[in-house]
1. Among the residues of region 8-15, is any at pLDDT 85 or above and small (G, A, S)?
2. When both residues are 6+ apart or on different chains and their Cβ atoms are under 7 Å apart, which pairs have a first residue that lies in region 41-57 and is at negative phi, and a second that is surrounded by 10 or more Cβ atoms within 10 Å (Cβ to Cβ) and acidic (D, E)?
3. Within region 59-77, can you find the residues that are surrounded by 13 or more Cβ atoms within 10 Å (Cβ to Cβ) and among the β-branched types (V, I, T)?
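The values are calculated or read from the model by the stated rules, or taken from the named source; none is laboratory data. Predicted, not measured: the structure shown is a model, and the values here were computed from it. Heads up, the Cβs are rebuilt from the backbone with ideal geometry, glycines too, and the neighbour counts pull from every protein chain shown.
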Amino acid sequence: MPFNEYNCIWIDRAYMTGTPVENDADMFRMIHHMDLCYANACKLVHEIDPKAKVGTNIANNIAYPASPKPEDVEECERHKYFMG
């Protein structure tokens, strides 16, 4: 498993990347490079052992709105969309 719960980058950018992320463009660039690294790691594993199974671990979480107010429900739905 090359990466563990790397969808958590949405929660704590600095922890997941090791550096502060100033804006969403930088974050998407980092995710793009993580995806490239993941693909290269999978390719290498399969070169070593073609029958090997390679996967990732996606973080799972539960979110509930802070209140029934539409803005809280909308924020909760946004969080669930990004966190899967």
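1. Looking through region 8-15, none of the residues is at pLDDT 85 or above and small (G, A, S).
2. Here the result reads N57/E5, each pair linking region 41-57 to a residue that is surrounded by 10 or more Cβ atoms within 10 Å (Cβ to Cβ) and acidic (D, E).
3. V73
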